[in-house]
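Every number in this text was worked out from the coordinates using simple rules, so none of it is lab data. Note that the structure is a prediction, hence the values are computed from the model and not measured. Glycine also receives a Cβ, built like all others from the backbone with ideal geometry; neighbour counts cover every protein chain displayed.
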């Protein structure tokens, strides 16, 4: 009994801490401002919110030209959740040492951030995370994580003067001095990372500094004959995108041996004025500042924004927030959908989705959730009647697309259903729509590969499957793609 009492006390203490954290955040005044490129939700004061809003929009206009790849015609909308205080961001997301994150999804990407622990550098952190959104939105290239993080830090220091002249390449002397010292952090290991930069025995900030130092050097450094390393960066990234390891691509396309990179960086940043002051400048095109109209949120709207943002990190905290909303408004669609997504038990998830459907049968998000729950039994080993479940899911997905042509998750779901029924042309029609919204997604590429194979288009099938094999961060999916490629080679050797 004593152990059980301690366990209950620990759970209650955890709930109390979470409740206090939410209360501290919710007590603040949260407002929203929207333009055609992003939605900003923040507890900053009006003047600071306006400053960040305009700063971000000018950054978007300037940085878009510097990010590899091309923007899709209909990128997923971006919501930014910006905390005035670092402790509030940390209380919500429990990410020590992290100032922000970008979480992409098919229908909306979330960017959440706060200032550093000293309360400074909010704009730089926002620029860093916005760069991740720009990179992940692009259709052409998947970038290795060391380059993406280095580029995000590199562009976060971008400067735009009142005349619209953009300066790129400046960096704090403290970061450059660190690159000269470089205690023990193995640069070649960082350059070898594809999916995630691991702190291991080093502080994450040091690893990001090294990634920035490599990216800045590649874009600004010169060989002894005066030629620029930057001339080979595009082909290096293309080679990595096509499956090459970064060290191999760097050696072949840029002419640098990764095991010599530490000494090269040390020499480059070791007080050489020409290297430290090397910057690029260009003038922005025509820019028109968007209107600024702040709309402040009521209690329910604040709770919904916070719950939706924290759901992936702390489902229990999110569910408590959804419950609070539903006690005030039992038919709140957003809270019912949220509860359905975070519920650990299928019965609770289904009941919440069904209630939402009864209230709003034409809502695209509600129909997508009903479709997902209809398909769920067929993901289990002993599914009793998959044809019936698939037909029900297809009807929900079709209703979602009728309500909103931009429902990319509905297009993906319907495409997968047609694929399961061996209907490649219908599958391709819907999967292409989903891919147009999220060309960065290795999962969509996987299903596109299977659909093209079923349609007999083996070359295109191989291209999509290789993208999943090279770029899905989950090893299970990479293995699935490799297995599919092996089957593809058997069916059509020329495809590889």
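Details
- For the stretch 376-496, the Kirkwood estimate of hydrodynamic radius, built from reciprocal distances between every pair of different alpha carbons, is 14.8 Å.
- Three-way shape label, the chain, alpha-carbon gyration tensor, a/c 1.5: oblate
- Full extension of the segment from residue 55 to residue 188, taken as 0.36 nm per residue of separation minus the current Cα-Cα distance, would add 44.4 nm.
- Angstrom value of the Kirkwood radius, inverse mean 1/r, which spans all Cα pairs in the stretch 338-441: 14.0
- The label point for residue 29 and the one for residue 238, both projected 7 Å from the Cα toward the Cβ, are 5.3 nm apart.
- Shape call, the stretch 297-351: gyration tensor on alpha carbons, a/c limit 1.5: oblate
- Summarising the label geometry, the points placed 7 Å from Cα in the beta-carbon direction at residue 354 and residue 391 lie 2.0 nm from one another.
- Net length gained if the chain between residue 161 and residue 486 were fully extended (0.36 nm per residue, minus Cα distance): 111.6 nm
- Against the empirical curve 2.2 N^0.38 Å, the C-alpha radius of gyration of the stretch 445-496 lands at a ratio of 0.98.
- Whole-Å semi-axes of the ellipsoid equivalent to the stretch 20-143 (Cα gyration tensor, √5λ, descending): 25, 15, 14
- The slack between residue 299 and residue 263, meaning 0.36 nm per residue of separation minus the straight C-alpha distance, is 7.4 nm.
- Mean separation of Cα contacts under 8 Å, 6 or more apart, over the residue count of the stretch 311-358: relative contact order %: 33
- Ascending count of other beta-carbon atoms within 10 Å, so fewest first, for 339, 432, 136: 432, 136, 339
- Stokes-Einstein diffusion coefficient of the stretch 255-352, Kirkwood radius over Cα pairs, 4 °C, 1.567 mPa s, in µm²/s: 70
- Whole-Å distance, taken between Cα centres, linking the stretch 431-446 and the stretch 457-496: 15
- With each label modelled as a point 7 angstrom along the Cα→C-beta vector, the residue 329-residue 108 pair spans 1.4 nm.
- With a cut-off of 17 Å on the backbone N, the residues of the stretch 168-182 near the modelled label site 7 Å out from residue 120 along Cα-Cβ are 171-178.
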